[in-house]
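Asks: Once you've had a glance at the structure underneath, I'll fire off some questions.
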Amino acid sequence: MRLDAAWYDLRDIGNAVGALLEQIREWGAPDWVPYVTSSVIAIVGILLWTVLSVLAFIWIERRVVGLMQNRIGPNRVGPAGLLQPVADALKLLMKEAITTRNADKTLFWLAPIVVFIPTMVVFAVIPFGEKMVLADLNVGVLFLIAIGSINTIAVFMAGWSSNNKYALLGAMRTIAMLISYEIIQVLVLLGAVLFVGSMRLGDIVAWQDDYGVWLLFLQPLGVMGYVIAGAVEMNRSPMDIAEAESEIVAGYHTEYGGIKFGFFYQAEYLAGFAIAAVIVSLYMGGWTLWGLEEWVPGWLIFLAKMYGVFFIYIWSRGTLPRLRVDQLMAFAWKFLLPLALLNVLVVGGEVLLWQEQDLSSGEALPLFGAVNFGLAVALVIGWALALGHRRPEKVAHRAILTQELGAIFYGDIAPRP
Amino acid sequence: MTLDGEKIIDADMVIGYLHRSMEKLAEERTYTQNIPFTDRTDYLAAMTGNLAYVLAVEKLCGVEAPERAHWLRMIMSELQRIASHSVAVGIFANDCGAWQTPVMHMFRDREKILDLFEMACGARLTTNYMRIGGVSRDVPPEFMPAAHKLVKELPKKLDEYEDLLLSNEIIVARSRGIAVLTPEQAIAHSVSGPMLRASGVAWDIRKADPYAAYDKVDFDIAVGTDGDVYDRFVVRLAEMRQSVRILEQALDMMPEGPVHAILPTATVQPIGNPVAPLAIRPPVGEAYGCIESPRGELGFYIVSDGSPAPFRFHIRSPSYINLTPLKLMSVGRTVADAIVILGSVDIVVGEIDR
Amino acid sequence: MTTVLTGLEIAHRIELSVPGAVDDAKPEAAFIQADKLIDVCTYLRDNPELQFAFLSSLTAVDCLDHFEVVYHLTSIRLNLRTAIKVRSYERENPKVPSVTLVWAGAHFQEREAYDLMGIAFEGHPDMRRIFLWDGFAGHPLRKDYLNLPGGQMAGLERFPGEPGDALGGRG
């Protein structure tokens, strides 16, 4: 686009890698060598970056949530507690990884691996910069969804092989949740794909850059659905029923200790990053920022946005209580699913209108944005009312204060002070 | 729990893991030596535990504490009530899933109250402050200004907690309509305290049978109307407000004077100094003394045979008896609800198992 | 203020409606015959002048030659309190009728009395131990549980340091 392709151009690390590959080809290496080299470099880069991010975010999350709770958070290990994640990682590595006697050994051992791998693989299709995509698949979005759903099987493997009724209960709840919200994810992402006309994530980012607008503003229903569905996929509060500590010990990873638990823990953060990355790529313009990428490297912009979205998830964890499993599923099937379907319908109609009427983007997009926004607000309020959710009482239900001893006020509908 | 998927079919209580046989141990220790036991039954409300025991023994001996001791006892009980309800409300929000944020905020206020206790008697949690015939010592001069400051700050904080917690969608969804107890059921199951008042029955021992200067201050009984988990929550927050009201009046109205009665040598044969005896020999007889602790009716049934140790020392602990309708409330609900229901009963295991 | 109905008053009232039920009456409590217990309790709960619907406390005492089960009752509507007792002279397996059908709150308290004192309540829906485990031998709160050598039982006869003590206590 607007970047010159010198190898020292840090605004896109793909330039340096590209130059290296050119060099390898000039040396006359067979065709597969540049291919493998580029893959290896990308894989190593992603691995390093994800692991370091997870370590950093363990610290950030605990400090930020601590500040929200009016306390300090870890500050003993290292300066200001910065070595806390290192201490956590070392502790997990040194602990004995117990396998309970009645557990199904193969599955028990496989489950953490199967949880961890898909969350890493998802990063393969995400564009960190113009030339920084590990696997520029034509069906990127489909790949995301498909790989994300392997998580469900892994959770079930973990819960079942533990031979522990609480683990199984937790696993069942999690699977029910994950399946419900995957459908919503698919429909919502379908809306975004329809608008852009391509499933390739690089294309979607390029579309947002070309038209100078983020899909966030054009598809509010979609974003809302994906943010909520993403929170559920991450097993994060307010939907962390799977590992609700006060309820079922630790859900499907009750029986896991040591580095096996470390895998689950890390997979949760990685899933969080993956979802944040997807939101940023699809809805927030990816690595572009309306021209700023000429001065600031694109991947830095991407990382900043991604961390910002993840911070909002941390914020909601520190603040909101959690829903019950049946309430959550009722929300998915009765509320979000019809809205997601309507979203697809409306988006499809808009795309058709755009192509047939041959409107210019200057007129079409603001119109669509306004219509979508208005529709989102109207549908959310209207559908909630139709389902019977009334406005929460502004004045909360208060106790009756009395001096009559021995009186009974049960079922009283007298006005409250 | 016997489950069918997520639904509870049967629930059974398995307790006794903290059974320390306090009732048996108390039969070998003198009446004054038993006061620290009462701290450790309900360790989140030690002052009220002490007070109930001391009132029962005073009833047995026919001893009356001096005026200032009554007011000090009342102030300490109300401070303890606020501290205990802070824990109850915070932990309830935690059970609903709000990751300890409300707990931390409410503990901030509780810390101030525990600092006041440390000023008064040297200990934060297991206070051992009350004595048979009064309190162990008078409060130091820095206590009153600190208490006044706290009482000025608390209403604003309570407003904040009520606003944030009571109208939160998720807390309302998790607790409205869950585990309803009708007043007839509550009374039949001997439920007492905020759980009984949430079911609509206006019964508070501080009003029914006033002890320790409660008849000299003005306060209301907070009553709910639905008997569900949400109402228990609401009642506890309202009681905290009433406690602040009592404290405002008590801190101003407290008279000067001695804080420990001189025990009459004839009926109660004190061993050692009559003001702070090492042991007493109460007259032969029995007494049942009860107070309104933050969890309900805390009663002590003491039988004396004239020796320095009680012949029978029974603790009527509210947490234990409030658990009686647990099966009634849980059957038919899901596992997630069971946690919230147990949180609403506000148990302290030390009191259940003694 | 709560009106406390003494044992004598409540014995008088009980005698009027359930004759032959009162065994003995002392100021602190009325002693009821075990076989008439449920009738008396139902009367106390349902009589509109008494309305003792709230069982404050149910506990057992090991008075060395007999067992006593003490019931403290409260009337919430009328703000009254009273106490009744039931005696059992059997040492090995004392039996007392259960009042869980009258007051459901007696459920756990009777289980505790059974566990710690060994008094079996007939008609209780779930008579098993509650604090101690099922195979526990003995009932700990009894006075003769694990008798110390020399026939000494739990209790404090003299406080060490009492005046007149051989150790020369403070007076």
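Okay, residues lined up against (1) open to solvent by 60 Å² or more (accessible area, probe 1.4 Å); (2) within 11 Å of chain A (Cβ to nearest Cβ); (3) under 17 Å from B:Ala250 (Cα atoms):
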| position | (1), (2), (3) |
| --- | --- |
| B:Thr101 | no, yes, no |
| B:Arg108 | yes, yes, no |
| B:Phe117 | no, no, yes |
| B:Arg137 | yes, no, no |
| B:Ala146 | no, no, yes |
| B:Lys152 | yes, no, yes |
| B:Ser167 | no, yes, no |
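Asks: Residue check, B:Ala186 against (1) within 25 Å of B:Ile91 (Cα to Cα); (2) at the interface with chain C (Cβ under 10 Å from one of its Cβ atoms); (3) open to solvent by 10 Å² or more (accessible area, probe 1.4 Å), all met but one. Which one?
Replies: (3) is the only condition that B:Ala186 fails.
Asks: Consider B:Glu292 carefully, then state whether it is among the acidic types (Asp, Glu) and open to solvent by 20 Å² or more (accessible area, probe 1.4 Å).
Replies: no
Asks: C:Leu37 passes all but one of (1) more than 11 Å from chain B (Cβ to nearest Cβ); (2) closer than 27 Å to B:Val201 by Cβ; (3) buried (at least 23 other Cβ atoms within 10 Å of the Cβ); (4) under 15 Å from the mean Cα position of the chain (by Cα); which number fails?
Replies: In the conditions (1) more than 11 Å from chain B (Cβ to nearest Cβ); (2) closer than 27 Å to B:Val201 by Cβ; (3) buried (at least 23 other Cβ atoms within 10 Å of the Cβ); (4) under 15 Å from the mean Cα position of the chain (by Cα), C:Leu37 misses (3) alone.
Asks: Please state which of the following conditions B:Val303 fails to meet, knowing it meets all the rest: (1) modelled with pLDDT under 90; (2) touching a Phe, Trp or Tyr at 6+ places or on another chain (Cβ under 8 Å); (3) open to solvent by 10 Å² or more (accessible area, probe 1.4 Å); (4) within 18 Å of B:Cys61 (Cα to Cα).
Replies: If we test B:Val303 against (1) modelled with pLDDT under 90; (2) touching a Phe, Trp or Tyr at 6+ places or on another chain (Cβ under 8 Å); (3) open to solvent by 10 Å² or more (accessible area, probe 1.4 Å); (4) within 18 Å of B:Cys61 (Cα to Cα), just (1) comes out false.
Residue by residue, here is whether (1) modelled with pLDDT of 90 or more; (2) under 28 Å from B:His85 (Cα atoms) holds:
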{"site": "B:Leu3", "(1), (2)": "no, no"}
{"site": "B:Glu6", "(1), (2)": "no, no"}
{"site": "B:Met13", "(1), (2)": "no, yes"}
{"site": "B:Leu25", "(1), (2)": "no, no"}
{"site": "B:Asp39", "(1), (2)": "no, yes"}
{"site": "B:Thr48", "(1), (2)": "yes, yes"}
{"site": "B:Ala52", "(1), (2)": "yes, yes"}
{"site": "B:Ala56", "(1), (2)": "yes, yes"}
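Asks: Return only the number of the condition from (1) out of contact with any helix residue (DSSP H, G or I) (no Cβ under 9 Å at 6 or more places or on another chain); (2) more than 9 Å from every other protein chain (Cβ to nearest Cβ) that B:Ala179 does not satisfy.
Replies: Of the numbered conditions (1) out of contact with any helix residue (DSSP H, G or I) (no Cβ under 9 Å at 6 or more places or on another chain); (2) more than 9 Å from every other protein chain (Cβ to nearest Cβ), the odd one out for B:Ala179 is (1).
Asks: Also, I was wondering about something else. Scan segment B:237-250 for residues that are open to solvent by less than 10 Å² (accessible area, probe 1.4 Å) and out of contact with any strand residue (DSSP E or B) (no Cβ under 7 Å at 6 or more places or on another chain) and jot them down.
Replies: Once the filter is applied, which keeps residues that are open to solvent by less than 10 Å² (accessible area, probe 1.4 Å) and out of contact with any strand residue (DSSP E or B) (no Cβ under 7 Å at 6 or more places or on another chain), segment B:237-250 yields B:Leu237, B:Met240, B:Ser243, B:Val244, B:Ile246, B:Leu247, B:Ala250.
Asks: Something else: Looking at (1) away from chain B (no Cβ under 14 Å); (2) at pLDDT 85 or above, which is the one condition that is false for A:Asp209?
Replies: Only one criterion in (1) away from chain B (no Cβ under 14 Å); (2) at pLDDT 85 or above is unmet by A:Asp209, namely (2).
Asks: Has segment C:5-13 got any residue that is of a type outside the set (A, V, I, L, M, F, W, C), under 18 Å from the mean Cα position of the chain (by Cα) and closer than 22 Å to C:Lys143 by Cβ?
Replies: No, the conditions are met nowhere in segment C:5-13.
Asks: Being at pLDDT 85 or above, among the hydrophobic types (A, V, I, L, M, F, W, C) and over 22 Å from the mean Cα position of the chain (by Cα) narrows it down to one residue among B:Ala146, B:Ala250; which is it?
Replies: The unique qualifying residue is B:Ala146.
Asks: Consider C:Leu73 carefully, then state whether it is touching a helix residue (DSSP H, G or I) at 6+ places or on another chain (Cβ under 7 Å), open to solvent by less than 10 Å² (accessible area, probe 1.4 Å) and in a strand (DSSP E or B).
Replies: yes
Asks: Which residue out of C:His66, C:His72 is free of Cβ contacts under 8 Å to residues at least 24 places away in the same chain and within 17 Å of C:Asp23 (Cβ to Cβ)?
Replies: Criteria check complete, one pass: C:His66.
Asks: Of the residues B:Phe219, B:Phe233, which single one is within 14 Å of chain A (Cβ to nearest Cβ), buried (at least 20 other Cβ atoms within 10 Å of the Cβ) and either of a type in the set (Asp, Glu) or without any contact (Cβ under 8 Å) to a residue 60 or more places away in the chain (or both)?
Replies: Every option except B:Phe219 fails the conditions.
Asks: Another question about this same structure. Mind checking which pairs have a first residue in segment A:377-390 that is open to solvent by 60 Å² or more (accessible area, probe 1.4 Å) and a second that is at pLDDT 80 or above and of a type in the set (A, V, I, L, M), Cβ under 8 Å, 6 or more apart or different chains?
Replies: A:Trp383/A:Leu339
Asks: Could you go through segment C:101-112 and let me know if any residue there is open to solvent by 70 Å² or more (accessible area, probe 1.4 Å), of a type outside the set (Gly, Ala, Ser) and more than 10 Å from every other protein chain (Cβ to nearest Cβ).
Replies: Yes: one or more hits.
Asks: Of the residues A:Glu356, A:Glu350, which is among the acidic types (Asp, Glu) and either open to solvent by less than 40 Å² (accessible area, probe 1.4 Å) or over 19 Å from A:Leu194 (Cβ atoms) (or both)?
Replies: A:Glu350 is the lone residue from the list that is among the acidic types (Asp, Glu) and either open to solvent by less than 40 Å² (accessible area, probe 1.4 Å) or over 19 Å from A:Leu194 (Cβ atoms) (or both).
Asks: Identify the residue in segment A:1-50 that is surrounded by 10 or more Cβ atoms within 10 Å (Cβ to Cβ) and of a type in the set (Asp, Glu) and, among all such residues, is modelled with the highest pLDDT.
Replies: Looking at residues that are surrounded by 10 or more Cβ atoms within 10 Å (Cβ to Cβ) and of a type in the set (Asp, Glu), I get A:Glu22.
Asks: Are there helices (runs of 4 or more DSSP H) fully within segment B:153-257 with at least 2 residues that are of a type in the set (Lys, Arg) and on the phi < 0 side of the Ramachandran plot? List them.
Replies: On the way: elements: B:169-175, B:183-188, B:194-198, B:205-208, B:229-253.
Filter on segment B:153-257 gives B:205-208, B:229-253.
Asks: Now, a different point. Please find, within segment A:59-98, the residue that is least open to solvent (accessible area, probe 1.4 Å) out of those that are within 14 Å of another protein chain (Cβ to nearest Cβ) and assigned to a loop (DSSP other than H, G, I, E, B).
Replies: Across segment A:59-98, the extreme among qualifying residues is A:Gln69.
Asks: Here's a check for you: in segment B:44-69, which residue that is over 17 Å from B:Arg316 (Cβ atoms) and part of a loop (DSSP other than H, G, I, E, B) is nearest to the chain's Cα centre (by Cα)?
Replies: B:Leu44
Asks: Take the residues of segment C:76-99 that are in a loop (DSSP other than H, G, I, E, B), touching a helix residue (DSSP H, G or I) at 6+ places or on another chain (Cβ under 8 Å) and at the interface with chain B (Cβ under 10 Å from one of its Cβ atoms): which is surrounded by the most Cβ atoms within 10 Å (Cβ to Cβ)?
Replies: Once the filter is applied, the top-ranked residue is C:Ile76.
The values are calculated or read from the model by the stated rules, or taken from the named source; none is laboratory data. Everything quoted here is computed from the prediction, not taken from an experiment. As a convention, Cβ positions derive from the backbone with ideal geometry for all residues, glycine included, and neighbour counts pool all protein chains shown. Areas reflect the complete protein model, heavy atoms only, side chains present, ligands, DNA and RNA absent. Shrake-Rupley method; radii C 1.70, N 1.55, O 1.52, S 1.80 Å.
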